[in-house]
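The values are calculated or read from the model by the stated rules, or taken from the named source; none is laboratory data. Everything numeric here is computed off the predicted structure, so don't read it as measured data. Neighbour counts run over all protein chains shown; Cβ positions are idealised from the backbone, glycine included.
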Amino acid sequence: MQKLVITGGKPLIGKVKISGAKNAALAILCAALLAEEEVTIDNIPDINDVRVMLELINFVGADAKWLDKDTVRIKPPVAKGPTPPYRLSKKLRASNLMLGPILARFGEAEIPLPGGCNIGIRPMDLHFKGFVEMGAVVSMEKGCVRATCKKLVGTRIYLDFPSVGATENLMIAACLATGKTLLENVAKEPEIVDLANFLNCMGAKVRGAGTDVIHIEGVSRLGGCQRYSVIPDRIEAGTFMVAAAATRGDVELENVILRHLEPLRAKLQEAGAEVIEYEDNIRVIASGELKSIDIKTLPYPGFPTDMQSQMMAMLATIPGTSLITENIFENRYQVVDELKRMGAKIKVEGRIAIIQGTECLHGTQVKATDLRAGAALVVAALMAKGTTEISNTEYIYRGYHELEKKLVSLGAQIITK
Ligand code: UD1
């Protein structure tokens, strides 16, 4: 895999268009397995995770094809297909979202336990608890999860934690269950709302997505959906916003939903960056000195865990002490060692990272340890004196469409090697 070689020190300036949301697209592609007719989905980002997901859904009997650079057409399977192979499912966590639709549609589903970024234990107990409460039998054999049912039955399910994946899997499955399902204490992320809108576009009856409680009235079948457009990626947008502020640049982002970026806007403004909101665009300007801030990651609408590492890179060069508390994933500080190699002064105590701002970072050789850690290293390299060589870039390409091309258009000095 190619390395990214970034010579830092230049402010990012210009306009950049944000792609469709990775996490919404992955859930929506899985949900298409519920349908009985064709679906066409726009604004799908052409990134590695999406390509793997398309391979997975084709493996289980769908016929998914790119119609153009960001549109995918899916003919759903007519019968239950084979179990997807571990070589594919280990590549992304969201492969676990195939369980709900295949189980609900065919009464039987088997998937190898998923992989994905190594940022925590990431169990699936909440998904399983929900399926069992809907009448399924769930068992684990030789690294595979197997779930069976005659027909899922709608019920009331309380999630002990508002897990994004569990909310999605259960919401998808409940669309074809008999009767009504009430999902309580669910995740409220924008990707959940997008998924619900897509399900409704196929004929499902989902209400309340975006609040703590989702009501789903099961239907006997779902048709297709002639055209659905995925929301913009708030984490890609957030990464560019932080990179703009960190390099003391001036960047306007196109194709964003401002409301989804609220927590980030608030924190960047608290740090002293200027954030200007237009109708569909947002502009981040930072010229003078920025201030240290504290951040706590929380489920939406709290500060997103997926933006924590990029913020850490920025805070590494802001005078004073900043604190980050990571409340979602217990192993999300692997980037710290890499940032320290670039001169950052960061100490981790349990879930808290203490960042002592240093005047500047220095380019060196570093490796991405997960997707957002990779993005954080890109932000750090853009600020650093000298040249940084980032390896393990396959993590970065999992989630960012044409990252280096977009950054180069903003004036960054990047080559691949
Ligand atoms: C999704 C996102 C990921 C984001 C995360 C939190 C996708 C493809 N990925 O991941 O980018 O960082 O939401 O916003 O959408 N948990 C349990 N039991 C379960 C499920 C989860 O204990 O059955 C715990 C996890 O270990 C974690 C927390 O809940 O500590 C949040 O996980 P969850 O919201 O499920 O994240 P993902 O859906 O895996």
Near pairs, Cβ below 6 angstrom, 6+ apart or cross-chain, from the stretch 6-27 (closer than 30 Å to K385 by Cβ) to any residue that is in a helix (DSSP H, G or I) and among the basic types (K, R): V16/K406
Unique match (being within 16 Å of K406 (Cα to Cα) and modelled with pLDDT of 95 or more) among V275, V242: V242
Residues within the stretch 286-320 that are within 11 Å of the ligand (Cβ to nearest atom), more than 27 Å from G14 (Cβ to Cβ) and not small (G, A, S), tallied: 5
Selection status of A286, of a type in the set (A, V, I, L, M, F, W, C), out of contact with any helix residue (DSSP H, G or I) (no Cβ under 6 Å at 6 or more places or on another chain), buried (at least 17 other Cβ atoms within 10 Å of the Cβ) and in contact (Cβ under 8 Å) with a residue 40 or more places away in the chain: no
The stretch 170-208 - residue that is of a type in the set (D, E, K, R), within 14 Å of the ligand (Cβ to nearest atom) and not in a helix (DSSP H, G or I) and, of those, farthest from L26 (Cα to Cα): K188
Any pair with Cβ under 9 angstrom, 6 or more apart, that starts in the stretch 292-315 at a residue that is touching a residue at least 40 places away in the same chain (Cβ under 8 Å) and ends at one that is among the acidic types (D, E) and away from the ligand (no atom under 14 Å from the Cβ): P301/E262
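Condition check ((1) surrounded by 20 or more Cβ atoms within 10 Å (Cβ to Cβ); (2) in contact with a Gly (Cβ under 8 Å, 6 or more places away or on another chain); (3) closer than 26 Å to S287 by Cβ) across all residues:
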| position | (1), (2), (3) |
| --- | --- |
| L323 | no, no, yes |
| V348 | no, no, no |
| L361 | yes, yes, yes |
| L371 | yes, yes, no |
| V379 | yes, no, yes |
| L382 | yes, yes, yes |
| T393 | yes, yes, no |
Of residues in the stretch 32-54 being touching a Leu at 6+ places or on another chain (Cβ under 6 Å) and in a helix (DSSP H, G or I), the one surrounded by the fewest Cβ atoms within 10 Å (Cβ to Cβ): V52
Hey, I28 outside any helix (DSSP H, G or I) and in contact with a helix residue (DSSP H, G or I) (Cβ under 6 Å, 6 or more places away or on another chain) or not: no
Inter-residue pairs, beta-carbon under 8 Å, first in a helix (DSSP H, G or I) and in the stretch 238-262, second at pLDDT 95 or above and of a type in the set (F, W, Y), 6+ apart: T239/Y400
Count of the stretch 369-399 residues which are of a type outside the set (D, E, K, R) and within 15 Å of the ligand (Cβ to nearest atom): 9
All positions within the stretch 209-218 that are surrounded by 16 or more Cβ atoms within 10 Å (Cβ to Cβ) and either touching a strand residue (DSSP E or B) at 6+ places or on another chain (Cβ under 6 Å) or assigned to a loop (DSSP other than H, G, I, E, B) (or both): G210, I214, H215, I216, G218
